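Following: one structure in structure tokens, then a few remarks.
The values are calculated or read from the model by the stated rules, or taken from the named source; none is laboratory data. In this text the structure is predicted, and so the values were computed from the model without any measurement. No Cβ is skipped: glycine too gets one built from the backbone with ideal geometry, and neighbour counts run over all protein chains shown. Heavy atoms of the whole protein, side chains included, go into the accessibility calculation; ligands, DNA and RNA do not. Shrake-Rupley method; radii C 1.70, N 1.55, O 1.52, S 1.80 Å.
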Amino acid sequence: MSRNTKRFRIGIATITLGATALALTACGGTGAAAGASGETVTVYSADGLASWYKPQFEAFTAETGIAVNLVEAGSGEVVSRVEKEQSNPQADVVVTLPPFIQKADAQGLLEPSGIDTSAVPDAVKDPEGHYVPVVDNFLSFIANPGANPAPKTWDDLLSEQFKGKLQYSTPGQAGDGTAVLLLLQHLMGKQGALDYLTKLQVNNVGPSSSTGKLQPKVSNGELLVANGDVQMNLSSIQDDGSKFDVFFPAAADGTRTTIALPYVMGLAKGAPNSDEAKKLMEYLLSEKAQQTVADQARGVSVRTDVRESTGASTDPSTPTGLVDGVDVWTPNWNDVLTSLDADIAAYQKATGN
């Protein structure tokens, strides 16, 4: 086990799949008009947190009079849009997965928020205050019950039964897809990961910029296997009645490993409504809001005090129960970022994706 790998023993939660295309939706009542103060905060977020955002934004608006508009997209697209709008910033708060939040910071798209993040462990937040996790989550895979035998290992995914019936979201475009590449690099080395993904390409349907779009395909049997994340998958099972099993592919020695994939938020540089944005960020990190993460988001609270008071469940219908016994690896995301472009280019060359 590497020094960055640990056994998962913390508190819980689940999330509803949001829109995968960029779409502006009002989550503070009826958009700007819902804010009694006439002020509005715009949040650009990776999809997946909509079921948690809605009640939190409504409560925030009721408490402050500030409305919230939500724009959802894939992890990489969120940052790409903010980058394109630098001359005329539209976003106030940016929420996406690593390493895309680190990429946004490296591109100068974030600025220190100055909000109180003392309840969040130092190891997972930016020391300069540019970004902080808001909901914890983990990479997973899903399989249709019709897969026979059901896949359990990485080698199982190479089986002929999955030819044209397996798909994973594209590294470099989707956060979960990028995590697949990184986890395989961690387990097999960079060349080993490329060799494995080249073999897997025989079964792979093709590129997908959205992990969420793969869930219904696995549920209805169009696909037998896809990647996902714990939070989104458990939510889909509970809220949408999806028919698939969540699993973590094992190595040859039987060890199962996943990668921590928190939703991370930061204040957009040049945010049009900076003061209001900071209030929203503080609200989402508050003990009151974080206590709802388990029930409304099906994710894991990022606050130490909430985790300690909640405890760790062994119920497999919860994130902590599902990840119980699985090694959780947390990369140094800044190190990941330094070689990400080269790693994605090597992946594209090896697989043709």
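Would you mind finding the one in 164, 192 that is over 22 Å from the mean Cα position of the chain (by Cα) and either under 29 Å from residue 73 (Cβ atoms) or assigned to a loop (DSSP other than H, G, I, E, B) (or both)?
Details: 192 fails: either under 29 Å from residue 73 (Cβ atoms) or assigned to a loop (DSSP other than H, G, I, E, B) (or both).
Criteria check complete, one pass: 164.
On the given criteria, is residue 169 open to solvent by less than 30 Å² (accessible area, probe 1.4 Å) and of a type in the set (Ser, Thr, Tyr)? Walk me through how you get there before you give the answer.
Values: open to solvent by less than 30 Å² (accessible area, probe 1.4 Å): yes; of a type in the set (Ser, Thr, Tyr): yes.
When the stated conditions are applied, residue 169 passes them.
In segment 174-184, which residues are touching a helix residue (DSSP H, G or I) at 6+ places or on another chain (Cβ under 7 Å) and either surrounded by fewer than 21 Cβ atoms within 10 Å (Cβ to Cβ) or among the hydrophobic types (A, V, I, L, M, F, W, C) (or both)?
174, 181, 182, 184 - these are the residues of segment 174-184 that are touching a helix residue (DSSP H, G or I) at 6+ places or on another chain (Cβ under 7 Å) and either surrounded by fewer than 21 Cβ atoms within 10 Å (Cβ to Cβ) or among the hydrophobic types (A, V, I, L, M, F, W, C) (or both).
Within the set of pairs 6 or more residues apart or between chains, which connect a residue that is over 20 Å from residue 348 (Cα atoms) inside segment 159-170 to a residue that is among the charged types (D, E, K, R) and open to solvent by 10 Å² or more (accessible area, probe 1.4 Å) with Cβ atoms less than 9 Å apart?
That search, which allows pairs on different chains as well, returns 162/156; 165/222.
Which of the residues belonging to segment 201-220 are over 22 Å from the mean Cα position of the chain (by Cα) and either open to solvent by less than 10 Å² (accessible area, probe 1.4 Å) or hydroxyl-bearing (Ser, Thr, Tyr) (or both)?
The one that is over 22 Å from the mean Cα position of the chain (by Cα) and either open to solvent by less than 10 Å² (accessible area, probe 1.4 Å) or hydroxyl-bearing (Ser, Thr, Tyr) (or both): 203.
Name every residue in segment 118-146 that is over 27 Å from residue 223 (Cβ atoms), of a type in the set (A, V, I, L, M) and touching a strand residue (DSSP E or B) at 6+ places or on another chain (Cβ under 8 Å), in order of residue number.
120, 124, 132, 134
Do we find a residue being assigned to a helix (DSSP H, G or I), in contact (Cβ under 8 Å) with a residue 40 or more places away in the chain and more than 22 Å from the chain's Cα centre (by Cα) anywhere in segment 61-76? Give the steps one after another, and end with the answer.
Residues of segment 61-76 assigned to a helix (DSSP H, G or I): 61-64, 75-76.
So of that shortlist, the ones also in contact (Cβ under 8 Å) with a residue 40 or more places away in the chain come out as 63-64, 75-76.
When the remaining residues are screened for being more than 22 Å from the chain's Cα centre (by Cα), the result is 63-64.
Yes, segment 61-76 has at least one match.
Can you name the condition, by its number, that residue 132 falls short on among (1) part of a loop (DSSP other than H, G, I, E, B); (2) open to solvent by less than 50 Å² (accessible area, probe 1.4 Å)?
Single failed check for residue 132: (1).
Exactly one of these conditions fails for residue 14: (1) modelled with pLDDT of 50 or more; (2) surrounded by 21 or more Cβ atoms within 10 Å (Cβ to Cβ); (3) polar (S, T, N, Q). Give me its number.
(1)
How many residues does segment 41-60 hold that are in contact with a Phe, Trp or Tyr (Cβ under 9 Å, 6 or more places away or on another chain), outside any helix (DSSP H, G or I) and open to solvent by 10 Å² or more (accessible area, probe 1.4 Å)?
Looking only at that region, the number is 0.
Of the residues 155, 122, 116, which is exposed (fewer than 15 other Cβ atoms within 10 Å of the Cβ) and either touching a Ser or Thr at 6+ places or on another chain (Cβ under 6 Å) or free of Cβ contacts under 8 Å to residues at least 12 places away in the same chain (or both)?
Working: 155 fails: either touching a Ser or Thr at 6+ places or on another chain (Cβ under 6 Å) or free of Cβ contacts under 8 Å to residues at least 12 places away in the same chain (or both); 116 fails: either touching a Ser or Thr at 6+ places or on another chain (Cβ under 6 Å) or free of Cβ contacts under 8 Å to residues at least 12 places away in the same chain (or both).
Of the residues listed, the single one that is exposed (fewer than 15 other Cβ atoms within 10 Å of the Cβ) and either touching a Ser or Thr at 6+ places or on another chain (Cβ under 6 Å) or free of Cβ contacts under 8 Å to residues at least 12 places away in the same chain (or both) is 122.
Among what's in segment 137-152 and is small (Gly, Ala, Ser) and not in a loop (DSSP other than H, G, I, E, B), pick the residue that is surrounded by the fewest Cβ atoms within 10 Å (Cβ to Cβ).
To start, the set of residues in segment 137-152 that are small (Gly, Ala, Ser) comprises 140, 143, 146-147, 150.
Remaining after also requiring not in a loop (DSSP other than H, G, I, E, B): 140, 143.
Details: 140: 27, 143: 22.
It comes out as 143.
Just to be sure before I move on: is residue 67 surrounded by 22 or more Cβ atoms within 10 Å (Cβ to Cβ), within 18 Å of residue 246 (Cβ to Cβ) and among the hydrophobic types (A, V, I, L, M, F, W, C) in the structure I sent?
Here the answer is no, as residue 67 does not meet what is asked.
Yes or no, residue by residue, for (1) among the hydroxyl-bearing types (Ser, Thr, Tyr); (2) in contact with a strand residue (DSSP E or B) (Cβ under 6 Å, 6 or more places away or on another chain):
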position	(1), (2)
238	no, no
244	no, yes
248	no, yes
254	no, no
257	yes, yes
261	no, yes
272	no, no
277	no, yes
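Within the set of pairs 6+ apart or on separate chains, which have a first residue in segment 204-222 that is within 12 Å of residue 236 (Cβ to Cβ), a second that is surrounded by fewer than 18 Cβ atoms within 10 Å (Cβ to Cβ), and C-beta atoms under 7 Å apart?
Filtered contacts from segment 204-222: 219/243.
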